[in-house]
1. Considering just Cα atoms, how many Å³ per residue does the convex hull of the range 101-249 enclose?
2. How many lysine pairs are close in the chain, with Cα atoms under 15 Å apart and the two 8 or more places apart or on different chains?
3. Only helical DSSP H runs with n ≥ 4 go in: add -39500 (n - 2.57) per run for the chain, normalise by residue count and round the 222 nm mean residue ellipticity to 500 deg cm²/dmol.
4. Taking 2.2 N^0.38 Å as the expected size of a compact globular protein, what ratio does the Cα radius of gyration of the range 223-357 give against it, to two decimals?
5. Please report, as a whole percent, how much of the solvent-accessible surface of the range 141-287 comes from carbon and sulfur atoms (probe radius 1.4 Å).
6. Place a +1 charge on the Cβ of each Lys and Arg in the range 197-274 and a -1 charge on the Cβ of each Asp and Glu, then give the dipole magnitude about the Cα centre in debye, rounded to the nearest 20.
7. Please give the per residue accessible area of the chain, computed with a probe of 1.4 Å over protein heavy atoms only, in Å².
8. In what order, largest first, do E226, E522, E374 sit by accessible area if the probe radius is 1.4 Å?
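The values are calculated or read from the model by the stated rules, or taken from the named source; none is laboratory data. This is a predicted model, so every value here is computed, not measured. Here the Cβ positions follow ideal geometry from the backbone for every residue, glycine too, while neighbour counts run over all protein chains shown. Just so you know, the surface numbers come from the protein's heavy atoms only, side chains and all, with ligands and any DNA or RNA stripped out. Shrake-Rupley method; radii C 1.70, N 1.55, O 1.52, S 1.80 Å.
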Amino acid sequence: MVKKYLIIAAMGLSLQLLSTGCVIGDGEDDAGSGDADTDTDTDTDADTDSDTDTDTDADSDADSDTDTDTDSDTDSDTDSGVCQPNPCQNGGTCEPNGDTYFCTCATGFVGRDCEFSINECNALSSYYDVDTTLIAGCYLSATDVAVSAKMTIQPGAWLVFKQDTGMSINNSGSLSAVGTVTAPIGFTGEQPLRGFWRGLQYYHTDAPENALAHVIIEYGGGLDREANLVLDGYTTPVKLDITNSVFRESGLYGLQMDVDTVVDTFSGNTITDNAIAASVYPNSAGYLDDGSTYTGNDLDAVVLWEGSVVTEQVWAGIDATYFVGDSLTVTGPLTIQPGAQITFGQDASMSVNGADAVLIAQGTADNPVVFTGEVKTAGYWRGVRFYHASSVDNLLDHVVIEYGGGLDWSANLELDGYTTPVRLKITNTTLRHSGGYGLHIDVDSVVDTFTNNTLTLNTLGAATVHPNATGILDATSTYAGNTEDVVALWAGNVSDAQVWAGIDASYLIEGDVTIDGAVTVEPGAKFVFTQDVGMSINGADATFIGKGTETNPIIFTGEKPIKGFWRGVRFYHASSFDNELEHVIFEYGGGLDRNANLVLDGYTTPVRINVTNCVFQLSASCGLEYDGDTQINADVATVNTFIDNDGDDVCN
């Protein structure tokens, strides 16, 4: 990928182009209005007095007096059956393309097999306002061509354009160019040079006749146009079918589609040998199919402009990357198929926004969906964010998100559902190489399924979550291999009943956590507290069950091994009969305003708890403190272990 960017730079194209996306302009490009240059050559066959102008005298005889030398001594691919013998006439060079071939014609010749001499082409008019049919043969345009009526081009016709000229199909016009496998229709430049002519543009035309089939468009994308084929439907949609066509050797893109494009059928097309494959408004990206090919360009990328996906669509797993240079917003239903890769420029992002937004990114084990950075540097782009996206259909399965967590975002994947919950399933997904955390989950997030995920190689840690979202994380996922193997919990309340898994990373408690719901902690869970931070289990509705094992205890400890470094755990008015601690280690607490590693404060409302086989050690004060209203097992002082506390083992 980097090498291809260097190729683009060497061609004189700005890398910034790919960071900003490209726009067609102000929508007034060259609509070919009636006041366009209508100077038609008098020696053409255009009969503007007739209802239908058919150029019947076009020279379609490739064996006329042109110099047809099928024994050309030009280089051909002797290893390819399609190019042996060389089908390209008049000094043309054959280039294999799967089961077929392209001919790069010598200057002065055009056609599928370079069979036409440009010197013998018929002249095109600059303006067509009556219905016109072009039959097989060669046509040369000396100026821009504007079409505001129905134009039909028959198989075998080739249109040749002089430098910096182009063709536009305008509001009331239509173009049907339907060739065949053996007799394609061509749009080409007078010289075989990238960007030699402007290209073909459909502008605000939604005529049902619009179609391109078995068409070759080459050497365009010059002057003020950016592609061989430009579909410009801003405010008035362009409607067009594109099948079995070739877009090659453009000065920039093979194809460009804007926001209001409607392509009912796009299949079997080849976009190759261009500077960049295509440029597409995000809401039009769903027209691209994986039966077409987008490789062999200097940069095999479909550049997505800044914009939104609004209409329901599917992004195919094409053989090129989708490139996002700025912000991409999804407000409608979007499905991304296996094998699709979305590459982001520096500080770019993708947001799934609102109740109507749906993102289903479902890859496979062998063919995941990948969201990555243009440069493989942690924090290069911002990441993927679900914002108030509450659809139950949201899914990430067999997805890789990497090199995000940059700029003002904290993670590769952010779930931001404040006031309106985000809803999502995350399975078999890898979050890695973030400049921050792999995953960020806030208070109002609902993750219905979270299994078999990998959060690794992230700079700050595996994840950062609101305490009430901690139960989303499961032990079948892995959180190891980061710079710090931690799941950071910021200050907040836990109100929902949940289970905190014994994951392969520590829970790093960065702010006071208050539990007023029901929490069960599984064996092996480790809680590491930053300085002067603590945990409270508060109220009659609060329940805390922490049951480790002898070989896999639950641990509450300080970030630094200093007595009194953190406050400790406090049960306050927690009167549930289910409260229980077994095989739990408390250490380095008793700091700030608390007098023990574990404080049981049942004044007026008793704390009820059973504490067995626990270790209380290295407290700055007591190991365990409880007041007179606490209901605790009578043998608490003998069935637990107390080591090196500065105060009494048990304070009552």
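1. Working: hull volume 13.4 nm³, N = 149.
Here the figure is 90 Å³ per residue.
2. 5
3. It lands at -500 deg cm²/dmol.
4. For the range 223-357, the normalised Cα radius of gyration comes out at 0.98.
5. Whole-percent figure for carbon plus sulfur exposure: 48.
6. Details: 4 positive and 12 negative charges, 27 e Å.
Roughly 140 debye, rounded to the nearest 20.
7. Details: 23990 Å² over 652 residues.
On a per-residue basis, 37 Å².
8. Ranked from most to least accessible, the order is E522, E226, E374.
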